[in-house]
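Enquirer: Please find one structure pasted underneath; my questions will follow.
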Amino acid sequence: QVQLVESGGGLVQPGGSLRLSCTASLSIFSISTMGWYRQAPGKEREFVARTTIGGSTNYADSVKGRFTISRDNAKTTVYLQMNSLKPEDTADYYCNVVTRLPSINYWGKGTLVTVSS
C-alpha cells in the first residue's frame with residue numbers, strides 16, 4: 001500500500017515562512033511527478049507546484065516567486081518552501097505523486113497551513 005507522509009504545517013504570521021515535506025513509500029524509478037495542491041475552506045482543491053523526475057518545475061501564478069518546490073530523489077521526498085506567506089495561503093496542503101506506467105495519482109492526507117496574526 002502506497003503511503004505519502006506529509007509534515008511541516010502549522011500556524012505562521014503573515015510574511016513568515018514554512019517548509020512542507022512529503023515522503024512517498026515508492027521506488028524513485030516508479031515516480032513521474034511529485035507536487036502539492038491545496039484546498040481552502042469552502043473552495044476547490046487547486047494546484048500549487050509540481051516537479052518532474054527530470055527536475056523541471058511548475059507553479060501556480062499565485063505562488064510564483066514566493067514558493068519553491070524541490071525534491072530529494074534518494075529519499076523520494078518532495079519539499080515546498082513557502083516564504084512571504086499571506087492569509088490567503090491558508091489551506092490544507094496535499095502532497096501528490098503521479099507514477100509512471102501505469103499513471104496513477106496518489107494523495108497524502110493533508111497538512112494544515114494557517115497564516116494569521
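Enquirer: Answer yes or no as to whether residue 15 is in contact (Cβ under 8 Å) with a residue 24 or more places away in the chain and on the phi > 0 side of the Ramachandran plot. Before you say what the answer is, go through the steps one by one.
Expert: On the way: in contact (Cβ under 8 Å) with a residue 24 or more places away in the chain: yes; on the phi > 0 side of the Ramachandran plot: yes.
So residue 15 fits the description; yes.
Enquirer: Using beta carbons and a limit of 9 Å, which pairs, at least six apart or on different chains, have the first residue in the range 105-117 and more than 13 Å from residue 85 (Cβ to Cβ) and the second one open to solvent by 40 Å² or more (accessible area, probe 1.4 Å) and of a type in the set (Gly, Ala, Ser)?
Expert: Correct list of pairs: 111/7.
Enquirer: Within the range 36-55, which residues are part of a loop (DSSP other than H, G, I, E, B) and modelled with pLDDT of 95 or more? Show your work before the answer.
Expert: Step one: list which residues in the range 36-55 are part of a loop (DSSP other than H, G, I, E, B), which gives 40-45, 53-55.
Of everything in the range 36-55, those that are part of a loop (DSSP other than H, G, I, E, B) and modelled with pLDDT of 95 or more turn out to be 40, 43, 44, 45.
Enquirer: A further question follows. Select, from 110, 55, 42, the only residue that is in contact with an Asp or Glu (Cβ under 8 Å, 6 or more places away or on another chain) and on the phi > 0 side of the Ramachandran plot.
Expert: Details: 55 fails: in contact with an Asp or Glu (Cβ under 8 Å, 6 or more places away or on another chain); 42 fails: in contact with an Asp or Glu (Cβ under 8 Å, 6 or more places away or on another chain).
Going through 110, 55, 42 in turn, just one is in contact with an Asp or Glu (Cβ under 8 Å, 6 or more places away or on another chain) and on the phi > 0 side of the Ramachandran plot: 110.
Enquirer: Criterion first (at pLDDT 95 or above, in a strand (DSSP E or B) and within 12 Å of residue 4 (Cβ to Cβ)) does residue 96 satisfy it? Walk me through how you get there before you give the answer.
Expert: Working: at pLDDT 95 or above: yes; in a strand (DSSP E or B): yes; within 12 Å of residue 4 (Cβ to Cβ): yes.
Answer is yes for this residue.
Enquirer: Further question: Looking at this structure, is residue 63 in a strand (DSSP E or B) and either surrounded by fewer than 19 Cβ atoms within 10 Å (Cβ to Cβ) or β-branched (Val, Ile, Thr) (or both)? Before you say what the answer is, go through the steps one by one.
Expert: Working: in a strand (DSSP E or B): no; either surrounded by fewer than 19 Cβ atoms within 10 Å (Cβ to Cβ) or β-branched (Val, Ile, Thr) (or both): yes.
It is false that residue 63 is in a strand (DSSP E or B) and either surrounded by fewer than 19 Cβ atoms within 10 Å (Cβ to Cβ) or β-branched (Val, Ile, Thr) (or both).
Enquirer: For the range 40-55, how many residues meet the condition of being open to solvent by less than 60 Å² (accessible area, probe 1.4 Å) and out of contact with any Ser or Thr (no Cβ under 8 Å at 6 or more places or on another chain)?
Expert: Residues in the range 40-55 being open to solvent by less than 60 Å² (accessible area, probe 1.4 Å) and out of contact with any Ser or Thr (no Cβ under 8 Å at 6 or more places or on another chain): 3 in total.
Enquirer: Test of understanding: among 24, 49, 74, which residue is under 14 Å from the mean Cα position of the chain (by Cα) and without any contact (Cβ under 8 Å) to a residue 60 or more places away in the chain?
Expert: Working: 24 fails: without any contact (Cβ under 8 Å) to a residue 60 or more places away in the chain; 74 fails: under 14 Å from the mean Cα position of the chain (by Cα).
It is 49.
Enquirer: For the condition open to solvent by 50 Å² or more (accessible area, probe 1.4 Å), within 14 Å of residue 4 (Cα to Cα) and outside any loop (DSSP other than H, G, I, E, B), what is the one hit in 68, 23, 33?
Expert: Sole residue among the options that is open to solvent by 50 Å² or more (accessible area, probe 1.4 Å), within 14 Å of residue 4 (Cα to Cα) and outside any loop (DSSP other than H, G, I, E, B): 23.
The values are calculated or read from the model by the stated rules, or taken from the named source; none is laboratory data. Since the model is a prediction, treat every value here as computed from it, not as a measurement. Methodologically, a virtual Cβ is constructed for each residue, glycine included, from the backbone with ideal geometry; neighbour enumeration extends over all protein chains shown. Areas reflect the complete protein model, heavy atoms only, side chains present, ligands, DNA and RNA absent. Shrake-Rupley method; radii C 1.70, N 1.55, O 1.52, S 1.80 Å.
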